[in-house]
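Only the coordinates and a few stated rules stand behind these numbers; no lab work does. Treat the numbers as computed from the prediction; the structure is a model and nothing was measured. Note that we place each Cβ from the backbone using ideal geometry, even for glycine, and neighbour counts take in every protein chain shown.
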Amino acid sequence: MTDWEEKLPPIVRERLAKAGDLTSEEKERMKDSERLDSLLSEFHTEALTSEGLWTALKEYRDHGKGQLLKEVQLKLIDSLSFGSGSAEIQKRKEGILAVETLKEHQNTPVLEAGLNSIEQLQRRYGEEVQRAYNELRAQVEKDPRLRMEQVKQGQNTAMVQLSVDEAVKRNPQWREFLSQHEERCRQEFARIIEGLKMGAK
């Protein structure tokens with residue numbers, strides 16, 4: 001067993017043993033892929049900054065493995081989700097752009113525009129949800145009937161008065177708006193992600 005194989009986690013060594021018929025290039029590729037996953041894991045858990053990621057990946061590039069940069073970028077892009085918080089989006093953005101500076105052919109403006117679009121989409125989503133909520137809340141405050149709900153108690157039904165916020169959250173109009181608005185924004189998010197992936201190539 002070589003030095004680098006001894007340093008690998010047991011599960012990876014097991015995979016390599018099973019893959020005994022792989023070529024040396026394929027084994028090297030597998031080893032690089034595992035190391036990159038480990039690097040990204042450190043990046044996602046805050047153990048590694050975007051500068052640290054850049055430094056580690058620069059070594060790969062300097063050793064003629066620049067093709068791995070795209071793989072890292074695509075994994076970073078895939079780690080973005082519509083529900084990601086703004087701090088998480090910012091960290092991914094820094095990582096994706098740091099990797100881009102190492103590439104021979106850079107596409108920084110396209111990637112920056114796509115990443116900024118995600119931030120704008122999330123901001124717009126939040127603002128529109130808040131605006132719709134405030135409008136419906138104002139209607140519920142004006143009309144006490146909108147705060148009444150029929151509740152079944154055994155064989156009988158009773159009218160219960162809800163708080164303004166409870167009435168808004170249980171309102172079918174509110175639920176339908178939320179569902180449709182989120183679906184539209186998720187579709188737009190998916191389009192932006194596809195654009196980012198194209199930009200990373």
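Observations
- The listed residue being in a helix (DSSP H, G or I), surrounded by 12 or more Cβ atoms within 10 Å (Cβ to Cβ) and over 29 Å from the mean Cα position of the chain (by Cα), out of E182, E119, E141: E141
- Only residues that are touching a residue at least 60 places away in the same chain (Cβ under 8 Å) and assigned to a helix (DSSP H, G or I) were counted across the stretch 102-116, and they come to 4.
- Residue in the stretch 53-78 that is nearest to the chain's Cα centre (by Cα), counting only those that are assigned to a helix (DSSP H, G or I) and farther than 12 Å from V99 by Cβ: D78
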